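Okay, so here's the structure we're looking at.
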Amino acid sequence: MPDVVLRPATIEDADALRQIYNHEVLTATSTFDLVTRSLAQQEEWITARSGAFSAIVAVDDEDRAGTVIGFAALSAYKDRAAYSTTVEDSVYVDRKRGGGGVGTLLLTRLIEIAAESGFHAVMARIEASGDVSLALHAKCGFELVGIERQVGRKFNRWLDVAVMQRLL
C-alpha cells in the first residue's frame, strides 16, 4: 500500500468525494441513493460535517497532486435526543484503490474520532450482500446485531440491510 495520509475533508475535496460517491450511486448497492450528487450538494455535505460529525479523507501521499482515494464520516444515528450518544459511520474508497487497506485506515480513525468525541456506540448499516464492507467492519470490531429484510430497492431488486454495531 502506498503511503496514505488521513486528514479532515475540506471544501476543496468536494469534487473528488463526489466522483467516488457517484460511482457507487450508479454502479453499486453500497449506498441506497438513486440520484448522483452535484458539486454544490457535495460541498454542502462537507460543510455540514464539522466537529464530532466530521468527514475525513485518505490522500495518496506518494501522488504529488494529493489525490483523494477514499473518505469516511460520522453522522447522527437518529434525531431523537436519547440517541445522541450513538453515531453511524460511512466509508467509501475509490474502487481502483480497494483492497489495499485504505478502508481499514479510514474506519479505524473514524472509531477513534467517535471515542474522542464522547460517543458510546457506532452503527453501520450495510447492504447485506456487501461482503467487503461487512468484513471491514468485523475486522474493526463491529458485530452483526440484525438484518432488516427488503427495506431498500435498487437496480430492480429488493435489498436487505445488515446492521452492525461497535461499542466504544
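Coordinate-derived values only; no laboratory data. A quick note: this is a predicted structure, and the numbers were derived from the prediction, not measured. Every residue, glycine as well, gets a Cβ built from its backbone with ideal geometry; the counts of neighbours run over all protein chains shown.
For the chain, what does the helix formula give at 222 nm: sum of -39500 (n - 2.57) over DSSP H segments with n ≥ 4, over the residue count, nearest 500 deg cm²/dmol?
Value at 222 nm, helices only: -9000 deg cm²/dmol.
Can you list the equivalent-ellipsoid semi-axes of the stretch 4-123, largest first and in whole Å, using the square root of 5 times each Cα gyration tensor eigenvalue?
22, 17, 14
Counting DSSP beta bridges with both partners in the stretch 82-163, what percentage is antiparallel, nearest 5?
Of the beta bridges lying entirely in the stretch 82-163, close to 75 percent run antiparallel.
Counting only DSSP beta bridges with both residues in the chain, what percent are antiparallel, rounded to the nearest 5?
Of those bridges, close to 90 percent are antiparallel.
Please list, in order, the residues from the stretch 45-62 whose amide nitrogen is less than 20 Å from a point placed 7 Å along the Cα→Cβ vector of residue 33.
Only 45-51, 53-59 fall inside the zone, counting backbone N under 20 Å.
So what is the relative contact order for the chain, in percent, with contacts set as C-alpha pairs under 8 Å and at least six apart?
19 percent
Take 21, 83 and order them by how many other Cβ atoms sit within 10 Å, fewest up front.
Least to most surrounded, the residues fall as 83, 21.
Taking the number of other C-beta atoms within 10 Å as the exposure measure, put 63, 94, 79, 13 in order starting with the fewest.
Result, fewest neighbours first: 79, 63, 94, 13.
Helices from the chain with mean Kyte-Doolittle at least -0.5 and a Cα length along the axis of 27 Å or more, per DSSP H: which?
Helices passing the filter in the chain: none found.
Taking the number of other C-beta atoms within 10 Å as the exposure measure, put 164, 123 in order starting with the fewest.
In order of increasing Cβ crowding within 10 Å: 123, 164.
Between residue 11 and residue 84, what's the calculated FRET efficiency when r is the beta-carbon distance and R0 is 35 Å? Round to 0.05.
Calculated value: 0.85.
How far, in nm, would the chain grow between residue 131 and residue 40 when pulled straight, counting 0.36 nm per residue and subtracting the alpha carbon separation?
Net length gain for the segment: 29.6 nm.
Which ³J(HN,Hα) values, rounded to whole Hz and listed in residue order, are derived for the stretch 143-150 from phi using the Karplus coefficients 6.51, -1.76 and 1.60 in 6.51 cos²θ - 1.76 cosθ + 1.60 with θ = phi - 60°, glycine and proline given as x?
10, 5, 10, x, 10, 9, 7, 6
So how much slack lies between residue 150 and residue 50, counting 0.36 nm per residue of separation and subtracting their Cα-Cα distance, in nm?
Full-extension gain reported as 32.7 nm.
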